Each structure stands twice: as structure tokens, then as C-alpha cells.
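Student: Have a look at this one.
The values are calculated or read from the model by the stated rules, or taken from the named source; none is laboratory data. Since the structure is predicted, the reported quantities are computational estimates derived from the model, not experimental observations. Note that each Cβ is placed from the backbone with ideal geometry, even for glycine, and that neighbours are counted across all protein chains shown. Surface areas here come from the heavy atoms of the whole protein model, side chains and all, with no ligands, DNA or RNA. Shrake-Rupley method; radii C 1.70, N 1.55, O 1.52, S 1.80 Å.
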Amino acid sequence: MILITGINGEIGSALAKQLYINGKNEIIGFDLNGPNQNLKKYIKKHYVGDIINQKSVKKVFQDNKITEIYHLAAILSSKGEEDPFFAHKVNVDGFLNVVQSINTSNIKFFFPSSIAVYHLDGNAKNISIIEDDFCNPNNIYGCNKLYCEKIGSYFEIFKNIDFRSLRFSGIISAYSLPQGGTSDYAPEMIHHAVQNKNYTCFVREDSCIPFMIMPDAVNAIINLMDTKKSKINRNVYHIQAFSPTVKDIYEKIISHFPKFNLVYDINEKRQKLIDSWPAQLNQKNAEQDWGWKPKFNFDDAFEKYLIPKIKEFYKRR
Ligand code: AKB
């Protein structure tokens, strides 16, 4: 059985659907609330529980033979800064609760990490970095993610798990909006524009970090997890598809929605995070080891996925 914690979230629901389509339909969900009608179709069983409650997490492993874990339950970077102690509880204690509950060996374990583990100074913003560069986070979410990457790799030996992790940046879905992230401005801007609403952006127009769309993120997770262990040379890879500035996104949007109006109200704390994260990732490790290649570049993401699917999504509601 496959366990997805945080299954109601953006990645969780998209991943459950794709795994189901691929024939992996023995999926168990775990989240604070029950699944919505749509998600229900893709899962066998669901546990309502809190990831920080060890008993609730353990019960899932006692009741089922779990062979694959996608541990997605987390608090994102901007929300984490509001209450770092709580973020630590969810992001680190929650992670440990899952690891500690594992009761068989050779379990495959996927952990989504983040470019929030990096901290660049201004000069380095535009160099294309590899995974081992600049790992010195300045935010609780990045600290939590980096620590879990490290102990996940440690438990690979201590608990005989197969630990694999991807550092994501911003992910843009046509069907949902992230909550509490710092990269949220991009999906929020696009969803607002399609609904003919204006948007107030909380970072400057020259802000630039990597992004990808949800189908590429889900494919990356599935491809990494399907790759033979002998080909995997590291536990953690970073990946991206394109690196637009806020201005690039705005210009793309007004080519489709000329009436869209963007204003700025800068949030200094969120801006500081964006400024400290890389704009470009050198992806040679993921490309070489498991053939990572995003299907959607910036133009295709808008033309073939975001604009048509978001339009369809709001029409159906
Ligand atoms: C966030 O903004 O918190 C996430 C991330 C950069 O991992 N999208």
C-alpha cells in the first residue's frame, strides 16, 4: 500500500490522481480533514489525523502494510515564519513520527524538499547552483527541510529505508492554489487574471526564482521513485522548468488578458526570502541520473496548460 500524508494539499491530490491513473491504486491518504469528492475516487482508505500526533501516524502503519511513502504534510515558508516553533513541530516532528512508525524494511520514502534550503548573497543570485552549494538557510522552513533531508539520508542506513527527495521551488497548478508559500505570487497572479480580477503582488517586479507546473512536478516525483536504485547517486536533487521574473509573468498574462491590472505592495519579509533564493538551478545531477527533463517551458506552460485548464476550472465551478 502507498501512504500519502498531506494528501489534501496541492501536490498530494495531483499525485494521488496520477498514481491511480498509472495503475498504482492501493493508496491510503492521511490529512487533518477528510478528502473531497474528487480525491475520494483515487484512494482506498483515508485517515483523519494530525501528523504531529505520533499515535495517529503509528496506527496507519499498524493497520496496513505500507511499502511506499510520500510524506507531503508540511507548513510552507511564509506561514512557517509566522510561528517557527509550530512549523518545526509539523515539519520535523511530523517527519520523525512517520520515520519512527515504519515497521518493515526497504520502504520507499519520498520527501519534497525546497530551494528554501539555499541562502545566496545578492551577488550569487544569478549563478546556476548545484545541490551542494549555499546550503545555509535563513528561514525555518528551509532549516526544517535541510535537516529532514539529512536525517532521511541517515535513516536510509539505520532503518533500511530507500529515501529520495526533490528540492522544488514554486509549483503552479491549474486546479488549486498553494497556501502559506512565498512563491505563491505566481499562481495567485495567474488565477486572478483568468477570473478577470486584478492582483496586488507582494514582491518586486524584478523578483526571480524557478518555477514549474504541477504535471511536471508530479512526473518528476514518479520518475524519481521509479528509477532503479543503482542509478541514483544521491538522496536529494533539485529541479526546475523556467525562471521568470514577476514582470515576465505579467507580460505573458497581459498578452492573454489585456485588462489585467497588477499593483505592488511589497512585504519585506517575503521579499527577503525570494531575494535569498537562487534564480537558476544547475540540474545536471537529475538529468544524468534519472533523465529529468520538464515537458513544459514557460510559453508551453501558459499556452498548453495554465490558461486553458484554469479557464475550464473556473467555468465548471
Ligand atoms: C514556498 O514558497 O514555501 C514553496 C517553496 C519555495 O518551497 N513553494
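Student: Given a 1.4 Å probe, how much area per residue of the chain is accessible, in Å²?
Tutor: Per-residue accessible area for the chain comes out at 45 Å².
Student: Continuing with this model, one more query. Whole Å is fine, so just give me how far the alpha carbon centre of segment 177-207 lies from that of segment 28-89.
Tutor: 27 Å
Student: Here's another thing I want to ask about it. Take the alpha carbon atoms of segment 142-227, find their radius of gyration, then divide it by 2.2 N^0.38 Å using N residues; give the quotient.
Tutor: Cα-based Rg divided by the globular estimate yields 1.39.
Student: Using only the Cα atoms of segment 18-58, construct the convex hull and provide its projected area averaged over every direction, in square nanometres to one decimal.
Tutor: 3.1 nm²
Student: Still on this structure: Take each uninterrupted DSSP H stretch in the chain, measure its Cα extent along the helix axis, and return the ones at 15 Å or beyond whose mean Kyte-Doolittle hydropathy is at least 0.0.
Tutor: Span-like helices in the chain: 10-21, 140-158, 214-226.
Student: Let me ask you something else. Would you please classify the overall shape of segment 227-309 from the alpha carbon gyration tensor, given that a ≥ b ≥ c denote the square roots of the eigenvalues, rounded means a/c under 1.5, and beyond that prolate means a/b larger than b/c while oblate covers the rest?
Tutor: oblate
Student: Treat each spin label as a single point 7 Å out from the Cα along the C-beta direction, and report the Lys24 to Ser56 distance in nm.
Tutor: So the label points at Lys24 and Ser56 sit 2.4 nm apart.
Student: At 0.36 nm per residue, and after removing the present C-alpha to C-alpha distance, how many nm does the segment from Asn223 to Ile127 gain when stretched out fully?
Tutor: Using 0.36 nm per residue and subtracting the Cα-Cα distance, I get 31.9 nm.
Student: At a 1.4 Å probe radius, which order do Glu156, Glu149 fall into by accessible area, largest first?
Tutor: Glu156, Glu149
Student: Compute and list, largest first, the equivalent-ellipsoid semi-axes of the chain from the alpha carbon gyration tensor, each √(5λ) rounded to a whole angstrom.
Tutor: Semi-axes from the Cα gyration tensor: 30, 23, 19 Å.
Student: If you don't mind, there's one more thing I want to ask. In cubic angstrom, how much convex hull volume per residue do the alpha carbon atoms of segment 45-114 span?
Tutor: Considering the Cα atoms of segment 45-114, their hull volume per residue is 90 Å³.
Student: Between Asn38 and Asn136, what is the label-point separation in nm under the 7 Å Cα-to-beta-carbon projection?
Tutor: 4.3 nm
Student: Just how large is the dipole of the chain about the Cα centre, in debye to the nearest 20, putting +1 at every Lys and Arg Cβ and -1 at every Asp and Glu Cβ?
Tutor: Roughly 1160 debye for the chain.
Student: As a test of the formula, what do you get for the chain when each DSSP H run with n ≥ 4 contributes -39,500 (n - 2.57) and the sum is divided by the residue count, at 222 nm and rounded to the nearest 500 deg cm²/dmol?
Tutor: -11500 deg cm²/dmol
Student: Now for a different question. How long are the three semi-axes of the equivalent ellipsoid of segment 1-134, in whole Å, if each is the root of 5 times an eigenvalue of the C-alpha gyration tensor, listed from largest down?
Tutor: Working through the eigenvalues yields semi-axes of 28, 17, 15 Å.
Student: Looking at segment 192-238, I'd like the Rg to Rh ratio, where Rg is from alpha-carbon atoms and Rh is Kirkwood's inverse mean 1/r.
Tutor: Here the Rg-to-Rh quotient is 1.20.
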